[in-house]
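The values are calculated or read from the model by the stated rules, or taken from the named source; none is laboratory data. Remember, it's a predicted structure, so these values are computed and weren't measured experimentally. Cβ: placed from backbone, ideal geometry, glycine included. Neighbour counts: every protein chain shown. Note: accessible area is taken over every heavy atom of the protein model, side chains too, but ligands, DNA and RNA are not part of it. Shrake-Rupley method; radii C 1.70, N 1.55, O 1.52, S 1.80 Å.
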Amino acid sequence: SVELGGGAVVLPTITPFAWIDDASVIAPGSVWVAVSMMRWHGSGISETIVPVVDGAIGLTPRVQVAASVPRVAGGLGTTFFSAKIAVLDGDTRVFKVAVAPTLEILDGASMGAAPSGEGRARWGLPVSAQFDRAGSRIYASSGYFSPGIWYAGAGIGRAMGDRLGVSMSFSHAWATSSASSLVVRSLAGPRRSEISGGASYDLKPNIAVFGSMGRSIGIAA
């Protein structure tokens, strides 16, 4: 699963965001697809994004590729393409580590808010770790997204029976000097902290429904 800070898909150029994920890689030949909607609001503005299509394909026991493609008013929103590579993995390991080099393609609204001359493509390097223990999964992520966003966060997920799973995470993201002027001008602040929680329920072995909610609990100028 991947949790993005509120507004990250729509306006990544004007608010720091966190990419929180575990270190699991899906099996070779497996395909994972999710269709969802997202709504965010803050600072007097809001937006509903529907649909958001996420997908992943397992290529090898240690590599999967994934994409997140949202639909916004006027066309596609900011899109992410990533490849998750397991550095430490294995069925018998309780501790795992993965890196996920990511390409971010900004949408038109984000390009309109970006500094003059800045390109549409950006890159990121998230690093994730997880520890599995007695039906629970503790995970943490940290990394960098150009042109100057750092983040760190951690979460816990737990199976509540055969079909229900719940999770909660906390993240903190901040913009460096190369991105701070744009963030401050947006009134979003160059630092933000966020807490989020979610649940999923397996309708069938290969079909599930899920929902999550996040809230910014600290934005610093």
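Positive contributions from Lys and Arg (+1) and negative ones from Asp and Glu (-1), summed over other residues with Cβ under 15 Å from the Cβ of GLY119, come out at -1.
Restriction of the GluC sites (Glu not before Pro) in the range 34-143 to DSSP coil positions whose beta-carbon has at most 16 other beta-carbons within 10 angstrom yields GLU118. Across the protein chains, with a 1.4 Å probe defining accessible surface, the residues THR79, THR48 rank THR48, THR79 from largest area downward.
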